[in-house]
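Notes follow the structure.
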């Protein structure tokens, strides 16, 4: 039996190495399945919880143009959460269980959403930086080895590019406005810069899952590689806006062809992951309340569907 | 506190334009067919991705077993005579 498992695992690795995708009904190591459930659900939860800080500003958008854009972005995020939950469900976990894990704190979501959105400029900064960081990660994931996850990523990447552009356009508008408006944009960048570069996760030396995740092609680049890619792309974008990135050590390194950056406050990162961020309780509280308050609607819809089905059968029988 | 019964899963198929076949787009949960259709529209066609939708409850789909892929698909492997390139024709023959 032991030998069989070894053979199955070797064959599985050979398929991954050959660039084959793994599909739901294929044999897979239990750890591959569990790692994917954890990662895909965490990704889905981030989309769902990510609606909260932005939803906060929909009714206060400064123009109809901004309002329809933000509304469409938040609606996309609901859709993206659903694509991801569907992908996770192909691995044998139910939607109810996924929600249960989120609501009890067993499953995490991206820490970035535990920061408050204090001004309208924060919505611009989120689109520009948070969606920008997410896109870098998600473009990599379109080539991940698990088929349903990769396909969800393709769809999400297609839709998400507008999210970043609408955010950057907001920042451009503010930066071309009054000094107070530009100051608002700078303040948003100051608060969102470091949490955004933390989105790629701990440094490679402190990321225990990275090696196995790369071997299984769950990830194709390490956290630090993705973070560097994001910084290199984003610095020139800040220059166009005329804003200053709040890192005095940030400078171009001619030798490496990349920007060097200052030390990241990992203590803050772990505090927020552990639930001590500014908005952890508020976000999860809002999510749990929405789920609990909607329970009677879900039950009523199911009862109504069953009643209709029964009366259809009764008609057929008579 | 949890819902008495989870809404069933439905598979969604989209025809992107007339002339093309419906293709699988993904899945969703809905209490009945009507709701599945409405949800499919909202989740999968927000940007004019389609002109026609099919929804079918997942439990009605019968899938082949990947572990039996050998018996299932290998027999076609050595039947090269089912392909046009198997047949040798003179070079002078321009079109066939």
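Every number in this text was worked out from the coordinates using simple rules, so none of it is lab data. Only a predicted model underlies this, so the values are computations on that prediction, with no experimental measurement involved. Glycine also receives a Cβ, built like all others from the backbone with ideal geometry; neighbour counts cover every protein chain displayed.
Given R₀ = 30 Å, what would the calculated FRET efficiency be for residue A:311 paired with residue B:61, taking r from the Cβ atoms and rounding to 0.05? E between residue A:311 and residue B:61, to the nearest 0.05, is 0.70.
Each peptide in A:121-131, A:103-113 was scored by the mean count of other Cβ atoms within 10 Å over its residues; highest first, the order is A:121-131, A:103-113. Highest mobility in the GNM of chain B, judged by mean-square fluctuation with C-alpha springs under 10 Å and restricted to B:24, B:83, B:60, is found for B:83.
Full extension of the chain between residue B:82 and residue B:47 yields a length gain of 8.5 nm, computed as 0.36 nm times the residue separation minus the alpha carbon distance. Computed from Cα positions, the angle between helix B:33-44 and the longest principal axis of chain B comes to roughly 70 degrees. Counted over segment A:161-301 with a bin width of 5 Å, the fraction of Cα pairs per bin, in whole percents, is 2, 8, 13, 15, 14, 16, 13, 8, 6, 3, 1, 0, 0. For chain A, a Gaussian network of Cα nodes joined below 10 Å ranks A:170, A:302, A:51 by mean-square fluctuation, and the top entry is A:302.
Would you work out if segment A:211-278 is rounded, prolate or oblate? Take a ≥ b ≥ c from the square roots of the eigenvalues of the alpha-carbon gyration tensor; rounded if a/c is under 1.5, else prolate when a/b is larger than b/c, oblate otherwise. Note, shape of segment A:211-278 comes out oblate. Separation of segment A:152-211 and segment A:128-144, taken as the distance between their Cα centroids, equals 11 angstrom.
For a Förster distance of 25 Å, can you work out the FRET efficiency between the beta-carbons of residue A:276 and residue A:94, rounded to the nearest 0.05?
Working: r = 30 Å, r/R0 = 1.22.
That gives a FRET efficiency of 0.25.
Across the protein assembly as shown, the volume of the C-alpha convex hull divided among the residues equals 260 Å³ per residue. For segment B:9-82, the alpha-carbon radius of gyration amounts to 1.47 times the rule-of-thumb value 2.2 N^0.38 Å expected for a compact globular protein. Here the extension length gained between residue A:169 and residue A:11 equals 52.0 nm, from 0.36 nm per residue of separation less the Cα-Cα distance.
For a Förster distance of 41 Å, can you work out the FRET efficiency between the beta-carbons of residue A:205 and residue B:91, rounded to the nearest 0.05? Could you put the intermediate results ahead of the total?
Values: r = 64 Å, r/R0 = 1.55.
The value I calculate is 0.05.
When the P(r) of segment A:1-133 is calculated, the portion above 25 Å amounts to 42% of the C-alpha pairs.
At what distance in angstrom do the alpha carbon centres of segment A:238-309 and segment B:60-96 lie from each other? Segment A:238-309 and segment B:60-96 have Cα centres separated by 50 Å.
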